[in-house]
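Student: Below is the structure I would like to discuss, written out as structure tokens.
Quick note: the coordinates plus some simple rules give every number you see, no bench work behind them. Remember, it's a predicted structure, so these values are computed and weren't measured experimentally. Cβ sites come from the backbone with ideal geometry, for glycine too, and all protein chains shown count toward neighbours.
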């Protein structure tokens, strides 16, 4: 992950991130990796609750904005609050995309796509790695 000039509320050293996260979590969250499609624990879940950043526990998405997109990753049409995520232009892999990061710690979550024809209130698809999140079910 390329560093940004932004200062995040949650800041740890690289060694602290490596200690806090599993190697697979670190690869996705801190190195902007991507888990393979269809393998994530939240791809098909319909549990009601709040999805939080696995790195820092900041709340990111509610289950009521999750929808089935058939893309192989959990998809949401909006973040929990406008300032819970940040957007970074991503031109890797010869494409022009918008990366989605946790606004609290800068960890990579996935990408957001617009205008794909999904029947959602925002016509956006936040394609998020399951390993980037933790679901807290509603009581």
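Student: Starting from the Cα of residue 45, move 7 Å in the Cα-to-Cβ direction to define the label point; list residues of the range 105-139 whose amide nitrogen is under 17 Å from there.
Tutor: Label zone hits: 109-110, 127-139.
Student: Okay, next question. Helix-only estimate, please: 222 nm mean residue ellipticity of the chain, summing -39500 (n - 2.57) across DSSP H runs of length 4 or more and dividing by its residues, to the nearest 500. Could the numbers behind the result be given before it?
Tutor: Numbers: 2 runs with 14 residues, N = 139.
After summing the helix terms and dividing by the residues of the chain, the value is -2500 deg cm²/dmol.
Student: Let me ask something additional. With the alpha-carbon atoms as the only input, what is the per residue convex hull volume for the range 14-137 in Å³? Present the calculation step by step, with values, prior to reporting the outcome.
Tutor: On the way: hull volume 13.0 nm³, N = 124.
Residue-normalised Cα hull volume stands at 105 Å³.
Student: While we're on this one: For Cα pairs less than 8 Å apart in space and 6+ apart in sequence, what is the mean separation divided by the residue count of the range 14-137, i.e. the relative contact order in percent?
Tutor: Details: 258 pairs, mean separation 35.9, N = 124.
For the range 14-137, the relative contact order is 29 percent.
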